[in-house]
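A.B. asks: This structure is in structure tokens; I'll ask about it shortly.
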Amino acid sequence: MTRLRIAKARADLIEGVRRWELWSVLGWHDIRQRYRRSKLGPFWITLSMGVMVGAMGVVYSELFNMNVREYLPFLAVGLIVWSFLSVPIVEGCNVFIGSEGVIRQLRAPLSVHVLRMMWRNVIILAHNMVIYFVVLAVFGLWPGATALLAIPGAIIVCLTGVWTALLAGLLSARFRDIPYMTGTVMQILFLVTPVLWSETQLSSNIRLIAQLNPFYHLIESVRMPLLGSVPPLATWATALGVTVAGWAVTLAFFVRYRERIAYWI
């Protein structure tokens with residue numbers, strides 16, 4: 001029985017990836033529907049993020065007594081990566097609940113719904129990256145070839161987004177309080193994760209708290225290369241370790257409860 005469940009779960013994930021045309025088209029459709037009849041379309045995402053980065057950059061650089069030229073790129077990349085990391089967790093809570101009608105009426109891999117949501121956020125990330133290049137141009141910065149190291153970091157963050165969304169969706173289908181709890185928890189994590197502030201601003205006694213935060217290492221695996229620095233080995237190891245461990249736990253839950261999702265929703 002266990003082997004059969006493992007085979008079905010594996011087949012679900014493999015078939016979901018193979019149907020990339022389906023979830024990629026649906027992801028684009030979600031974006032188009034959200035900004036239907038809008039002149040700027042998805043670039044409203046970029047505009048709103050850009051305004052927030054600009055406003056917060058000026059204010060917080062004064063509060064932290066930091067040079068705007070150094071702080072604004074740090075803040076811009078931090079907010080962009082945080083959004084790409086946190087939104088799939090929050091949206092993942094409703095990834096199966098929101099697709100109730102489709103799941104019950106059509107035979108399709110459950111992983112398609114997660115990949116659809118993740119692809120939608122990849123598109124949003126691409127739009128938000130315009131802000132990064134604008135900031136580089138304004139301040140005359142260029143990270144050089146080091147920026148290429150952000151690619152493996154982004155892949156790790158993307159894989160983390162998939163497993164967190166899959167796990168959150170599964171648990172939320174069973175326990176409907178989780179979506180509300182997740183929103184609160186993510187707000188707290190945003191404040192205690194070095195997104196608006198740098199861990200170097202903390203005293204040595206408290207700095208360990210930030211360094212033990214897995215979100216910090218996931219963000220730094222992308223942010224540091226984009227700012228021209230090479231992430232330390234500990235950052236890569238922690239980010240990769242969190243991804244592998246998270247997938248192991250998620251697959252265990254998915255194998256055990258995949259067939260119950262249709263009944264829970």
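Readers should treat all values here as calculations from the given coordinates under stated rules, not as data from a laboratory. Everything numeric here is computed off the predicted structure, so don't read it as measured data. Here the Cβ is made from the backbone with ideal geometry for all residues, glycine too, and neighbour counts use every protein chain on show.
A.B. asks: Taking 0.36 nm per residue of sequence separation and subtracting the Cα-Cα distance, how much length would be gained by fully extending the chain between L212 and W20, in nm to one decimal? Intermediate results must be reported in sequence, preceding the final value.
C.D. replies: Working: separation 192, 0.36 × 192 = 69.12 nm, distance 3.55 nm.
The L212-W20 span can extend by a further 65.6 nm.
A.B. asks: Could I ask something else about it? Quick one: Karplus J couplings for the stretch 75-85, per residue in order, coefficients 6.51, -1.76, 1.60, θ = phi - 60°, nearest Hz, x for Gly and Pro?
C.D. replies: Whole-Hz 3J(HN,Hα) from phi for the stretch 75-85: 5, 4, 5, x, 5, 5, 5, 4, 4, 5, 8.
A.B. asks: Another question, then. Could you work out the relative contact order of the chain, using alpha carbon pairs under 8 angstrom and six or more residues apart, expressed as a whole percent? Don't jump to the answer; show the numbers that get you there.
C.D. replies: Numbers: 289 pairs, mean separation 72.9, N = 265.
About 28 percent, as a whole number.
A.B. asks: At most 14 other C-beta atoms within 10 Å and a DSSP loop state: those are the exposed trypsin sites (Lys or Arg not before Pro) I care about. Give me the longest piece of the chain that has none. Intermediate values should be presented prior to the final figure.
C.D. replies: Values: sites that count: R36, R37, K39, R107, R176.
Segment 177-265 is the longest.
A.B. asks: Rounded to the nearest 500 deg cm²/dmol, what is the calculated helix-only ellipticity per residue at 222 nm for the chain, with -39500 (n - 2.57) per DSSP H run of length n ≥ 4? Write down the numbers at each step before the final one.
C.D. replies: Working: 12 runs with 203 residues, N = 265.
It lands at -25500 deg cm²/dmol.
A.B. asks: Separate question: Placing +1 on the Cβ of each Lys and Arg and -1 on the Cβ of each Asp and Glu in the stretch 2-264, which of C93, Q105, L149 has its Cα farthest towards the positive end of the resulting dipole?
C.D. replies: After comparing all options, I get Q105.
A.B. asks: Rounded, prolate or oblate: which fits the stretch 97-209, taking a ≥ b ≥ c as square roots of the Cα gyration tensor eigenvalues, rounded meaning a/c under 1.5, else prolate when a/b beats b/c?
C.D. replies: Working: a/c = 2.71, a/b = 1.50, b/c = 1.81.
Note, shape of the stretch 97-209 comes out oblate.
A.B. asks: Okay, moving on. In whole Å, how far is the Cα centre of the stretch 40-110 from that of the stretch 168-240?
C.D. replies: Result: 14 Å between the Cα centres.
A.B. asks: Consider the candidate values [x] -0.27, -1.29, -1.40; [y] -0.35, -1.28, -1.33; [z] -0.23, -1.38, -1.58; state which one is log10 I(q)/I(0) by the Debye sum over Cα atoms at q = 0.07, 0.16, 0.17 Å⁻¹ computed from the structure displayed.
C.D. replies: The value computed from this structure is option [x].
A.B. asks: Based only on other Cβ atoms within 10 Å, what is the fewest-to-most ordering of S111, S61? Can you show the working numbers first?
C.D. replies: Numbers: S111 23, S61 18.
With the fewest neighbours first, S111, S61 line up as S61, S111.
A.B. asks: Sorted by packing (mean other beta-carbon atoms within 10 Å per residue), highest first, where do 50-56, 236-242 land? Before the final figure, lay out the partial values.
C.D. replies: Details: 50-56: 15.6, 236-242: 17.7.
Packing order, densest peptide first, comes out as 236-242, 50-56.
A.B. asks: Arranged by the count of other C-beta atoms within 10 angstrom, fewest first, what order do W28, W247, W20, W82 take? Numbers along the way, then the final one.
C.D. replies: Values: W28 15, W247 18, W20 12, W82 21.
By the 10 Å Cβ count, ascending: W20, W28, W247, W82.
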